[in-house]
Structure formats: C-alpha cells, structure tokens
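Worksheet for the structure shown next.
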Amino acid sequence: MPSKSDVTMPGISADELDKTKDVYRSLQEKLEYLFDSLAREKINLELQMIEAKKFKLAVDSASDNIVITDSMGTIFYINKATENNTGYAFNEVVGKNPGELWGGKMKPEYYAEMWHKIKVKKEVFVGQFENVRKNGEKYIAAVDISSVLDEYGEILFFVSIERDITREIMIERMKDEFVGLASHQLRTPLTGIKWFSELLIRNKYNNLNAEQLDFLEQIKISNQRMVKLVNELLDISHIETGQKFEIKKADFKVNDVLNEVLTENISLIKTKTLNIINKIPDNLLIFADYVKIRQVLSNLVSNATKYSPANKDINISVVPDDGKGFAVISVADQGMGIPAAQKSRLFEKFFRADNARIQEPNGTGLGLYIARELIRAHGGELWFESDENKGTTFIFSIPLKIN
C-alpha cells in the first residue's frame, strides 16, 4: 500500500503538487497578513473618527469664529460660533468667499498683504478685520489665518480663527478719552497750586517760619510730581488715540539741553556724589524738537541717577554720525541693571522691573514708553543694553543738523 507522500492526483506530479501547496501556504500567509492589516487599519480609522469627532465637537463649541477654506479662499466649513456671530447659516456660506459675506471691507492692499503672507510665504497672518454681520451691524475681529500644507509643501486649505474685539476696542477708546479729558482738567488747578506755592516761598514778607516754608517746599515738590504724571498721561492719550506728536524741529546743541537736564538732577547727583562724564562735543548739533529731546534726556538721566549706587560714574557719549545722518547718543550707568527675564517688557506701558520697584516705589512705568515714542516720532530709535548688577546703557538715534 503506498504512503501518503506517494499519493498523487491524476495528471499532476508530486513536485507540482508540492509547489501548489507552497503557493497556497504563501497565499494563506499573505491573506492572514492582509486581514491583520485591515483589522489594524479599521481600528486606526475608528480611532481617527473618534479624534475627528472630538475635534469637531471642540471646534463647534469654540467661542471664536473658525472658518476653513480651500486654497482659493472658498469656504467649506464654519463652526457654530461663526453662524451665531455673523448671522449666516452653514448652507449660506459653503462655496462662497468670506469677502462676499461678512468680509471685504478693508483696503485692497491690506488683503494683498494677507494673501502674500499665507499663500506665497506660507506664514501665519495676524491682523484685524472690519467686518459686517448679515444684519448690517459692523464689528472688528482679531484674526489669525494659517495655511495647512501637504507632505510636498503644497497648500491643502486655510484655517481662520476670528475673535470679535469690538467691545474691547470701545472700552479702550473710552478709557483713553477719559484719561485725556481728566488730564486736561487737572492741569488748571495744578498750575494754580504751583503758582501760589512759589509765590509764597519767594515772598520775603510773609512771616512764615522754617517749618511752614518746609511745608510749602513739600507742596511744591508734590505738585511737580503731579504735573509730570499729568503730562505723561496726556502723552499716553496722544499715543493711544493715534494722534501724532507735534514735532517742531530746529537745530540746537545737544549739550545745551543736556546741561539743563543735569542741572535739574544736580541735587541727587551731589547727594550720591555721582561722577558725570560727558563726552559729547560742545559743537554737536542735531535737528529735532528741543522740548521733546529734553523730555527724553530728562527721563534717561533721571533714571541713571536714581538707580546708580553712590560714588559711581554716569557716562554720556555719542557717535557723532552713524553714516545715515543720525547722531547716536548713549547714557550709561553702573546701577542695578535689568533682570534678563524682564528685558523684553521694558518699553511696555506701566511696566517696571522688579528690582526698580523695590528701590524706587513711586515710579509710573510710563517714562521709557513715552521716550521711545518721542524718538520714533523723529524717525529715530531707542534701545538698551543691560547686565543685571552691572548697569544699563540706553541708546537713541536722532537726526543731525541739516546743512
């Protein structure tokens, strides 16, 4: 009786049968692998669907407007917030461009800049749009638009996130208007206090004793501090409401204004026995607004004297011509310096570094903010270099005298 291995099918040899078995086993293995792959893919798809549902739920419940368009700007998705905030239903916007609906109210060059940013440079565009709801109501939106790219760097679609900031802007505008109005109203009584206190101090026949005269001096000093604060608030009001500073340019010597500022600070300079090293040539002329540059130098020199330890140097120097028609003036102290973590905030409105607040609690945090805006109004720039516990150098560029 033949063994199982000797069994053959009619017309098929044993070798052919073995090959057929091998092919079958190979197919079976491939099918098993394919079924496993499909099972894994099914699980992955289910997980992706779960994540997509979570994402859609998050997007739909977001309070900000989220709009997704194709690479040509045609809408194919908006979230619930967009429907609620614009007044347009989903089926009203799909297949259209935002400019046909709530957008398109900015100048053409603004949109050109936006498209260049997101489509050519493929970078995030951050800006503000003036939009109109379906009912005709205008609103202002803070906008971030990002491009989503495929593996080859081609644009798949754009995602726009918009937040209605109309109320915030209105509140900020009202606050600025109030500050400006209040500051103007405060000027008159402060001027009166200043005039009467100085009159009483100068009057030799007022029969005031030493203590009373000291009180008057304190009134005068407090009044000067209040006048300075009011003037700073008025400057802030100008900046925040978009009003340009009135710059009255003329030729004058830097040392003329600097000597006034040093005289203004002479009491503290003498008290601390500070050594003022002025390296500015006496014949250096600049073309600028005398009063505004005095305000800038007053702030920088005052800070240097306030934050310098006793018996230290304050260096005031200049690069007479930077090759671009500007003088570059610097005021360097050997004081406490600015903490590295807070350097980026130094020119923010109302900001004061921690170590400065400890040493000098009464500052407003407005001086440097205003000083930089004044220098920028001249076409220059104000910046600084600082090492904590070693000192700070403030530097600004200002136009030279025009021959």
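Just so it is clear, none of the values below were taken in a lab; they were calculated from the coordinates. These numbers were taken from a predicted model, which means no experiment stands behind them.
Couple of notes before you dig in:
- Considering only alpha-carbon pairs that sit under 8 angstrom and 6 or more positions apart, the relative contact order computed for the chain is 9 percent.
- Reachable lysines from residue 249, criterion Cα separation under 21 angstrom, eight or more residues apart if same chain: 292, 324, 401
- When log10 I(q)/I(0) by the Debye sum over Cα atoms at q = 0.08, 0.12 Å⁻¹ is calculated for this entry, the matching label among (i) -0.54, -1.12; (ii) -0.63, -1.01; (iii) -0.71, -1.10 is (iii).
- Beyond 22 Å in Cα-Cα separation lie the following of the pairs 105/134; 107/248; 80/138: 107/248.
- Filter on 117/349; 306/349; 253/390; 228/349; 244/343; 253/343 - keep pairs with C-alpha separation over 22 Å: 117/349; 253/390; 244/343; 253/343
- Under 26 Å of direct C-alpha separation, and excluding same-chain neighbours fewer than eight residues apart, residue 30 reaches these lysines: 19, 21, 42.
- GNM flexibility winner over the chain from 232, 109, 123 (Cα, springs under 10 Å): 109
- Working note: 222 nm ellipticity from helices only, DSSP H runs with n ≥ 4, each -39,500 (n - 2.57), summed and divided by the residues of the chain, gives -15500 deg cm²/dmol to the nearest 500.
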